[in-house]
Ligand SMILES: [Zn+2]
């Protein structure tokens, strides 16, 4: 299905390009540089204008012993120009040395890196995002598809965020000096630490990742494993493909020594068969690995728990990576394969957290935020599903009690609006503002709408936004459609959502007002 779809897409692009050539005025067209920003209110440094990425083909030549990407590492991007382009930019850090940059097979007239603007932080420990600007030998016409191939090598460096967390291509060390590969988690901007990209969730694309690494290692990517070829020199090349559109922050390139199990499950809501994948760090103690394996074994039950509430599982594959990299300190919902970094004692997969990360497959991964200020959408849904699962499994706290507890939180906690975040990247994962306030807002909606209409809301969101992006206005419109409310109550529902997402104080409206 994947290759057919890709062929159909590029055929369509070619047809559109031909059409554009036929109708574009030949002379006088002004070719201009694409914007070097997606104008994100939280991270204006990332994202680029003037083109839309359709597909990433990433080839990594990885040596775990040195944590280096060697010669032969290359990212080939297929994109469509959305304006007459004289120049365009990609997000790509400076640590990796460029070997060549070509556009449609022709060496670029110029390719250079510089700091993205504006400065992200005055703290010298925070990584400043960088741009790779590419001037093709000839301008690219609006509507034309083109490929840009960037060959590079070197040692990727983690990206340190304004909130102090590290992401991107992280070296996987169970203890200092005891390292067995890489652990890749990119949210929000880590992708550019290991491949050049349009690093904004609004530009989603299909991905293919081919990693060459020593044969004893497992190389992991998003989606389905397409092939593993033994190169006869002690290395193997493993190719993964994710055909569903994916934001760069959800890509993974993890390499390590893993105990791997594959299988299949049935999504009883959608009826589809979904391939399963579990990778557990081989270095863990047998009891730890067995515990992680049992937790991962709950994936089919959890997917079915979620699909009853959110609609059919959105992807063709599902799995988990339980690594042993305690320095990371957070779990991430990488598309089709949530990543758990474990604890100091070894690999670890927690059941509620697994439900949270799996809920993201619907809310965040399939339906992605249009900009980082919509991160409340991802975390609100995932938090609510986590609370819902915990209660279903015996926790005293009901979702209703969760709502009341959040609503009673101290006045100072309400000062930052979830959909604005003060424009401050340090607030991106603020636990009250981004997780609990939006989680309670959604639980309140469930109380206002009732379970059936709330489920219909999730389905309606999937129908309209699966594989794409959502923002507050789209969410509000869907909520209104699903509510069945009219007149004053419908307007009040709009006020409810606005107060919970935009007020810089405690909302006045609660489910009791409906
Ligand atoms: Zn989350």
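All of the numbers you see were taken from the coordinates with simple rules; none came from a lab. Please read all numbers here as calculations on a predicted model, not as lab measurements. Note that we place each Cβ from the backbone using ideal geometry, even for glycine, and neighbour counts take in every protein chain shown.
Could you give the spread of the C-alpha atoms of the stretch 324-419 along their three principal axes, from largest to smallest, in whole angstroms?
39, 36, 25
Label-point separation (nm) for residue 86 and residue 327, each offset 7 Å from Cα along Cα-to-Cβ?
4.5 nm
Can you give me the relative contact order of the chain as a percent, contacts being Cα pairs under 8 Å and 6 or more apart?
11 percent
Would you kindly calculate the translational diffusion coefficient of the stretch 141-184, applying Stokes-Einstein with the Kirkwood radius from alpha carbon pairs, for 10 °C and a viscosity of 1.306 mPa s, and quote it in µm² s⁻¹ without decimals?
Calculated translational D: 117 µm²/s.
Taking only the Cα atoms of the stretch 202-300, how large is their convex hull per residue, in Å³?
Cα-based convex hull of the stretch 202-300, divided per residue, equals 119 Å³.
Quick one: grab Rg to one decimal and Dmax as a whole number for the stretch 371-513, Cα atoms only, in Å.
14.3, 39
Over the stretch 257-365, what per residue volume does the convex hull of the Cα atoms give, in whole Å³?
82 Å³
Roughly what percent of Cα-Cα pairs across the chain reach past 31 Å?
45 percent
Quick one: if you stick a label point 7 Å off each Cα along the C-beta vector at residue 32 and residue 100, how many nm between them?
Here the answer is 3.3 nm between the modelled labels.
How do 403, 340 line up, fewest other C-beta atoms within 10 Å first?
Result, fewest neighbours first: 403, 340.
Would you list 323, 230 from fewest to most Cβ contacts within 10 Å?
Fewest to most other Cβ atoms nearby, the residues stand as 230, 323.
Out of all Cα-Cα pairs in the stretch 86-224, roughly what percent, to the nearest whole number, are more than 24 Å apart?
For the stretch 86-224, the share of Cα pairs beyond 24 Å comes to 38 percent.
Quick check: pseudo-label points 7 Å beyond the Cα along Cα→Cβ at residue 115 and residue 508, how many nm apart are they?
Going by the 7 Å Cα→Cβ label model, 4.6 nm.
State the Cα centre-to-centre distance between the stretch 292-358 and the stretch 459-492 in whole Å.
Using only Cα atoms to place each centre, the spacing works out to 28 Å.
Obtain the radius of gyration and the Kirkwood radius of the stretch 53-142 from its C-alpha atoms and give Rg over Rh.
1.01
Gap in Å between the Cα centre of the stretch 108-143 and the Cα centre of the stretch 208-258?
One Cα centre to the other: 27 Å.
Give the whole-number value, in cubic angstrom per residue, of the convex hull volume spanned by the C-alpha atoms of the stretch 1-255.
127 Å³
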